Amino acid sequence: MANDVTKYCLANAQPASEGRPAAPATMAQCGSKNPHHQEQAALVKGLHTAFMPPHPTQPTTVALSGVEKHGTTAEVTGDHVVVDGSKLSDIVSSHSKNTTSGRSKLTLEMVRIKSAWYMGDSHLGF
């Protein structure tokens, strides 16, 4: 929500692979010296635009409700996330052409590493 590429990157988990558990992203992976930093910055700018209500409050309020945890994983949909009183799925639809309210499908796969939650994979469709 803050349009900050480094914070966005650090909120992500690196996926588990070949016997290695999932791990939080590091500053080396997220800092401005990373060759993918500009690419991530463009992604974050687009997400910031798509996920913000038309007239956000300052500071913007974000709340989660109804998310079910399954051990160290959880699936968060656009209906679970409320930004300034509006469901994220409705906000995303409002920024999209030829899409009516409630037609967007946003899913964030979350993973708990130690005591913190991180974003894993994400899916957005209409």
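Data overview
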quantity: Residue among 19, 29, 80 farthest towards the positive dipole end of the chain, charges placed on Cβ; calculated: 29
quantity: Residue-normalised accessible area of the chain, expressed per residue, 1.4 Å probe, Å²; calculated: 66 Å²
quantity: Set of lysines near residue 33 by C-alpha distance (under 20 Å), chain-local residues within fewer than 8 positions excluded; calculated: 7, 45
quantity: Region 37-100 - Debye-derived log10 I(q)/I(0), Cα point model, q = 0.22, 0.24 Å⁻¹; calculated: -0.98, -1.05
quantity: Candidate values (i) 57, 32, 24; (ii) 43, 35, 28; (iii) 48, 36, 20, label of the one derived for Cα extents along the principal axes in Å; calculated: (ii)
quantity: Ellipsoid equivalent to region 6-78 - semi-axes via the Cα gyration tensor, in Å; calculated: 25, 22, 9
quantity: Surface share of carbon and sulfur [accessible, 1.4 angstrom probe, percent] for region 1-119; calculated: 55 percent
quantity: Nearest-20 debye value, region 16-126 charge dipole, Cβ charges on Lys, Arg, Asp, Glu; calculated: 160 debye
quantity: For region 25-64: span of alpha carbons on each principal axis (Å, largest first); calculated: 34, 18, 17
quantity: Label-point separation in nm, residue 114 to residue 49, each point 7 Å along Cα→Cβ; calculated: 3.7 nm
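The values are calculated or read from the model by the stated rules, or taken from the named source; none is laboratory data. As the structure is a prediction and not an experimental result, all values here were calculated from the model. Quick reminder, even Gly has a Cβ in these numbers, built from the backbone with ideal geometry, and neighbours come from all protein chains shown. In case anyone asks, the SASA skips ligands and DNA or RNA and just uses the protein heavy atoms, side chains included. Shrake-Rupley method; radii C 1.70, N 1.55, O 1.52, S 1.80 Å.
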